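The values are calculated or read from the model by the stated rules, or taken from the named source; none is laboratory data. In this text the structure is predicted, and so the values were computed from the model without any measurement. So basically every Cβ, Gly included, is an ideal-geometry build from the backbone, and we count neighbours across all protein chains shown.
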Amino acid sequence: MIVMGASGSCCETCANYGYDDEYGCYVCDIDLDEDEMQKFLSCSDFNCPYYRSGDEYAVVKKQN
C-alpha cells in the first residue's frame, strides 16, 4: 500500500518515514494528533503538513 503525502508524493519518499526494529516495519516518525490521524486514515489524498522529501539529491539539484 502506498500512502500519499503532500503534493501527491508518497510517504515512502518522506524523510520522516523509517524502519522501526521493534515493529518490524516502516512507520512515520511524526506523531499525528487525533484529527490528523482521522484525515490520514479516511482518505488517500491526505496532504501531510510534515512531509519532507527524503531525496538527498534534491538539495544538490537546487544548488546547480
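What to note about this one:
- Pairs meeting the criteria (first residue in region 38-57 and over 10 Å from ALA15 (Cα atoms), second residue part of a helix (DSSP H, G or I) and at pLDDT 70 or above, beta carbons under 7 Å, at least 6 apart or on different chains) are PHE46/LYS39; PHE46/PHE40.
- Enumeration of residues in region 1-51 that are within 8 Å of the chain's Cα centre (by Cα), part of a loop (DSSP other than H, G, I, E, B) and at pLDDT 75 or above: ALA15, ASN16, CYS48, TYR50, TYR51
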